[in-house]
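One structure is given here, and the rest of the page talks about it.
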Amino acid sequence: MKLVQLIKGIVSFNFNEFSKLVIKKSDNSVYLGDLKFNFKGKPYSVLANRCICDISTYYVDIYDLNFVKLISIEKEGVVGASIFSDAIYSIRWEDGNENDYVSIYQNNQELHRYSDFYGFLINEKIRLVYDGFNFSKFKICSLENEDILWSYSLPEGFNIDGKPHLIDNVLFFTGYNEFQKNQLLTGLDIETGAVLWQNHYKITSEHQFIQATAFNEKDQLYYGFYSTYQIFNPKTGELVLEKEIPEIAEHKLEPYVNEIYDDKLWFVSGRGLNKKFGYLNISTQQVELLQDFPQEEDEFFDTPVYHEGKLYLRGKHFNNLYVFE
């Protein structure tokens, strides 16, 4: 692949519905091509959530990635906002005493208000709430009211890592204990909180634990290309496949991020001058692209993004966005 563009100072990016690149720079400015978004108040944007917010003293304007205003919500003390669905918005705000709240709006009507909400919306009916910043236990609550539907505590010493993922009726998450000596994978029934399956792994130099982190919407399986190639079923807890890939030893690969696009498992590997990227075809289970990508500085990259024939790699330390075609 050929490097066709290098954009500096990029902290996040996404694409609008017309596949146009939208970027957020380190100064919080947002661009759609050469067009800069004109913030009138405090800028707040989460491009991954396809949301741009212009926060004023008494209201917040929410825009999509086409820079089109979706809604204007009257609310003082807004800290941030996100789009949950076409007509549902989540607004985080503070009162005059700096107490933290989250309000759920449908169109311009406040449906619900929650205090000290540490968690996220799972769907339009339920939310997951942590015990403050304690990620060893959580409760599932109704969005309609404050009713607790069920709660769950991880085994002693374990904390959830990352965001739990709902796949059909299974709430799947990964946990680690202190110093990440052990890995705990769990699948809970979203209706009852019952443990459907739970697997425990020791993290050793032999890498006998689950490293599949890229979710494939097509078959609802996780894929991973790290020390080995793995396929994992989050609904059953089954390691479907684990396979040695010769290129790992042959080229001394050390893949550390994966993402799936069009049946290709893209990866970035190595450090410094040994940096490489490529993809493994999940149909053939073969590495079909492996390209050198040497870095003078010790840069690490976000998960690869492949969009309409172009590969986007963003460095996390120096905020450079590399575009390959």
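Readers should treat all values here as calculations from the given coordinates under stated rules, not as data from a laboratory. Because the structure is a prediction, the values reported are computed rather than measured. Cβ atoms come from the backbone with ideal geometry, glycine included; neighbour counts cover every protein chain shown.
Table for the structure above
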read-out: Relative contact order [Cα under 8 Å, 6+ residues apart], region 92-147, whole percent; value: 21 percent
read-out: 18 Å cut-off, amide nitrogen to a point 7 angstrom out along Asp302 Cα→Cβ, residues in region 46-68; value: 46-53, 64-67
read-out: Paramagnetic reach from Glu110 in region 28-67 [backbone N under 11 Å; point 7 Å along Cα→Cβ]; value: none
read-out: Computed Kirkwood radius, in angstrom, where 1/r is averaged over Cα pairs of region 97-197; value: 14.6 Å
read-out: Local electrostatic count at Tyr152 - Lys and Arg +1, Asp and Glu -1, tallied over other residues with Cβ under 10 Å; value: +2
read-out: Directionally averaged projected area (convex hull, Cα atoms, region 230-325), nm²; value: 6.8 nm²
read-out: Two-site label geometry, Trp197 and His251: point separation in nm, points 7 Å out along Cα→Cβ; value: 3.2 nm
read-out: Listed pairs Lys24/Lys235; Lys139/Lys218; Lys36/Lys264; Lys181/Lys235 exceeding 26 Å between Cα atoms; value: Lys24/Lys235; Lys139/Lys218; Lys36/Lys264
read-out: Among Tyr261, Leu321, Thr204 - extreme Cα towards positive end, dipole of region 195-325, charges at beta-carbon; value: Thr204
read-out: Column: log10 I(q)/I(0), Debye, Cα scatterers of the chain, q = 0.12, 0.16 Å⁻¹; value: -1.02, -1.45
read-out: Protection proxy ranking of 277-286, 1-10 - average other beta-carbon atoms within 10 Å, highest first; value: 277-286, 1-10
read-out: Contour minus Cα-Cα distance for Leu290 and Glu98 (0.36 nm per residue); value: 64.0 nm
read-out: Distance between modelled label sites at Glu238 and Leu273, nm, 7 Å Cα→Cβ extension; value: 4.7 nm
read-out: Added length on full extension, which subtracts the Cα-Cα distance from 0.36 nm per residue, Lys69 to Asp34; value: 10.7 nm
